[in-house]
Every structure is written in structure tokens, then in C-alpha cells.
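Below you'll find the structure, written out as C-alpha cells, and then a few comments.
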Amino acid sequence: MRANCRRGGGAMFDWNDMRIFLAVADEGSTLAASRKLAINQTTVSRRIRVLEHALGLTLFERDTRGYALTSQGSAMIGLAREMAAVAEKTVSRADHLGRASEGRIRVTAAHSSMAHWVLPLIAEFRKHNPDIHFETNAAEHYVSLEDGEADVAIRAADAIQGDTLIARKLPPVRWAIYCSKAYLAARGMPRSLDELASHPVLSYPEPMVEGVKLMKWLQQHMDSARIVSTVDSVVTMSASLRTEEAVGVLPCVEGDSLPDLVRCFNQEELTSGLWLVASRDAYQEPRVRKFLKFVGENFPKDGAEARF
């Protein structure tokens, strides 16, 4: 992106130089900025000089401690950030428009949700809409719809955060305590919360526990001294239960599908919310609205695996 400068005889400045300006301002040195941007430090220094010349301003004070914003640089930083936000929004919008012309929808979900719900629903949807294509991203980490990293998401959460998201609540996910058949044969299994306290358990990481009410509720009924290992996802939990001498909690759609595992017990409190979510930009596209409507109407009412 290029913009006319008010000074310098009608000189132009390059948006990439403004991006470098922001990186140096945030990092405090050309070396740190070069690492952040993955470009040569000499290039960073040179482009800052080019930008200063184009603007007719001195943006930084240079000394042995690094780069500090001058009063002129401080006055420019807010506008530079606004430009960065507009540039990101422009790229995101262009990406949406490009996918619209190609008939693509990008869908993200955790591995377990992708396997049990998303992929069967996509396959059935495409039987009636063969001109619409999908890109799927099975990831346990957070994928930002608001930043244009995906169009649609299935999210397990008690509530959805984000003022610019379109969200529809899906049937709740039932969870239960599971163990392996080998564990059952060797040690028996807990059949209640009271019995759970005497068994070794596998746990999820603290951020996941804090974010889901059922996890927090269950942790309150566990003996923390009995936690033998922490796992980072539902997929890792199901794999660990087959090898570790311990019990753990899984969504029933996952645990019941694994022949090596046995459901120990479940109760009303062991449920979590599930949401179908889209960004507002994506929701403007008819193909996305059509897919959202299909998922909402065909998602299994009992939270079981999607089958057609």
C-alpha cells in the first residue's frame, strides 16, 4: 500500500516502511524488529531512514540503548496503528472475496469435533452442494474468526466471546469418566464421584479446566495428589487412557467410539456447551449461511456422532 506524503515534494512512502516503523517502536531496536519481521537488521535501519526522509520527520532518537520515539514519532504512532488495522482488514476482506469467487468455506474445530461431527456433516452437505468446497483445520489451539483465519468454527465452550461473531448454540456435549479394559481388569473402575477419589487420574491443563465449568466442577471432586499426568487435548486423553494406568474424562462421542475404553460413570453435571460460530464477514456470504443452516438443522440432537 502506498500513500501520498504531505511533505517532501510529493514523495511517496511504502506501507511496508510503516510496518517496520511499528515493529521498531514496539521492540525498541532495529535488531529486535528484524527478528520479529524476519528481515535483515541493515534493511530495517535503511527503511526507517527512507520513511523519515519521505515524511520529513525524525521518528526515533538513536543511542546505544536502542531506538526511542521522538515527539514526532509518538504523534505518528496512533495513525500508523490505524493504518495497520485497515491493512489487515483489507487483506481479510480480500481473502473472503477470493474464497467467495472460488466457492470455498474454511472450517475449524478441535480434532475430536472434526472427526465426529464436522467431516460427516460436510460430506452430507456436499452431496447436495457439490459446487461448494471446504478447507478444514483440525486444531486444538484457538483459531481467530475475527482475524479471518477461518470462516466457521465448532467450539466447545460455556459461552462465546467476541462482539463481532455470529453464534448458534448446538446440543450440549455429554462427558463421562473412562478407563481402559486393562485397567478395569487389574484395578476395577470408579462408579461414582466418591469412588473416583481413590483412583489415579489424568487431567487437562489449568487453562482448559478454568475455561469449562464441568472441568472445574470435576476437579473439585478429585484428589489432586492422585493426578498422575496432564494431557493437552481430548485426542491425547483418549490415547493416554489406553496406555496409562489411570482414569480420565472424555466426551461420550469420543470415549464410546473406542473399543479399548470402558465408560465408568457419568452424571448431569458432566456436560459442556457447543457452539456453531461464524465471523460477520463470512456470514455475509450466501454459501456460508447455507452451510450454517444445514449444520444447525442436522446436528445430532443428543450430541452423538453424526451419521447419515
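Here the helices (runs of 4 or more DSSP H) wholly within the stretch 202-308 that include at least 3 residues being under 26 Å from the mean Cα position of the chain (by Cα) and over 20 Å from Ala138 (Cβ atoms) are 206-211, 213-220, 280-283, 286-298. Checking Asp131, Asp151 one by one, the residue that is surrounded by fewer than 14 Cβ atoms within 10 Å (Cβ to Cβ) and more than 30 Å from His221 (Cβ to Cβ) is Asp131 and no other. Regarding the stretch 142-162, can at least one residue be identified that is touching a residue at least 60 places away in the same chain (Cβ under 8 Å) and more than 17 Å from the chain's Cα centre (by Cα)? No - not one qualifying residue is present in the stretch 142-162. Contact map, the stretch 41-59: first residue farther than 14 Å from Phe13 by Cα and in a helix (DSSP H, G or I), second residue open to solvent by less than 20 Å² (accessible area, probe 1.4 Å) and not polar (S, T, N, Q), Cβ cut-off under 7 Å, separation 6 or more or different chains; pairs are Val44/Ile20; Val44/Val24; Val44/Ala33.
One line per residue, one yes/no per condition, for (1) assigned to a helix (DSSP H, G or I); (2) touching a residue at least 24 places away in the same chain (Cβ under 8 Å); (3) hydroxyl-bearing (Ser, Thr, Tyr); (4) in contact with a helix residue (DSSP H, G or I) (Cβ under 6 Å, 6 or more places away or on another chain):
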{"residue": "Asn16", "(1), (2), (3), (4)": "yes, yes, no, no"}
{"residue": "Leu22", "(1), (2), (3), (4)": "yes, yes, no, yes"}
{"residue": "Asp26", "(1), (2), (3), (4)": "yes, no, no, no"}
{"residue": "Ile39", "(1), (2), (3), (4)": "no, no, no, no"}
{"residue": "Arg62", "(1), (2), (3), (4)": "no, no, no, no"}
{"residue": "Tyr67", "(1), (2), (3), (4)": "no, yes, yes, yes"}
{"residue": "Met76", "(1), (2), (3), (4)": "yes, yes, no, no"}
{"residue": "Leu79", "(1), (2), (3), (4)": "yes, no, no, no"}
{"residue": "Glu82", "(1), (2), (3), (4)": "yes, no, no, no"}
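Entry remark, the stretch 126-141: residues being touching a residue at least 40 places away in the same chain (Cβ under 8 Å) and more than 11 Å from the chain's Cα centre (by Cα) number 2 in total. Within the stretch 198-215, the residues that satisfy the criterion of being over 25 Å from Glu305 (Cα atoms) and surrounded by 14 or more Cβ atoms within 10 Å (Cβ to Cβ) are His199, Pro200, Val201. Within the stretch 167-181, the presence of a residue that is among the hydroxyl-bearing types (Ser, Thr, Tyr), open to solvent by less than 40 Å² (accessible area, probe 1.4 Å), in a helix (DSSP H, G or I) and farther than 25 Å from Leu274 by Cβ is excluded. Can we say Ser34 is within 26 Å of Asp147 (Cα to Cα) and surrounded by 15 or more Cβ atoms within 10 Å (Cβ to Cβ)? For Ser34, the condition - within 26 Å of Asp147 (Cα to Cα) and surrounded by 15 or more Cβ atoms within 10 Å (Cβ to Cβ) - is met.
Consider the stretch 78-109 and keep the residues that are of a type in the set (Gly, Ala, Ser) and open to solvent by less than 30 Å² (accessible area, probe 1.4 Å). The one that is modelled with the lowest pLDDT is Gly98. The condition of being open to solvent by 30 Å² or more (accessible area, probe 1.4 Å), in contact (Cβ under 8 Å) with a residue 24 or more places away in the chain and touching a Gly at 6+ places or on another chain (Cβ under 8 Å) holds for only one of Asp232, Asp260, Asp302, Asp281, that being Asp281.
Considering Ser180, Ser113, the condition of being modelled with pLDDT of 90 or more and more than 21 Å from the chain's Cα centre (by Cα) is satisfied by Ser180 alone.
The values are calculated or read from the model by the stated rules, or taken from the named source; none is laboratory data. Keep in mind it's a predicted model, so treat the numbers as computed, not measured. Cβ sites come from the backbone with ideal geometry, for glycine too, and all protein chains shown count toward neighbours. Only protein heavy atoms, including side chains, enter the accessible area calculation; ligands, DNA and RNA are left aside. Shrake-Rupley method; radii C 1.70, N 1.55, O 1.52, S 1.80 Å.
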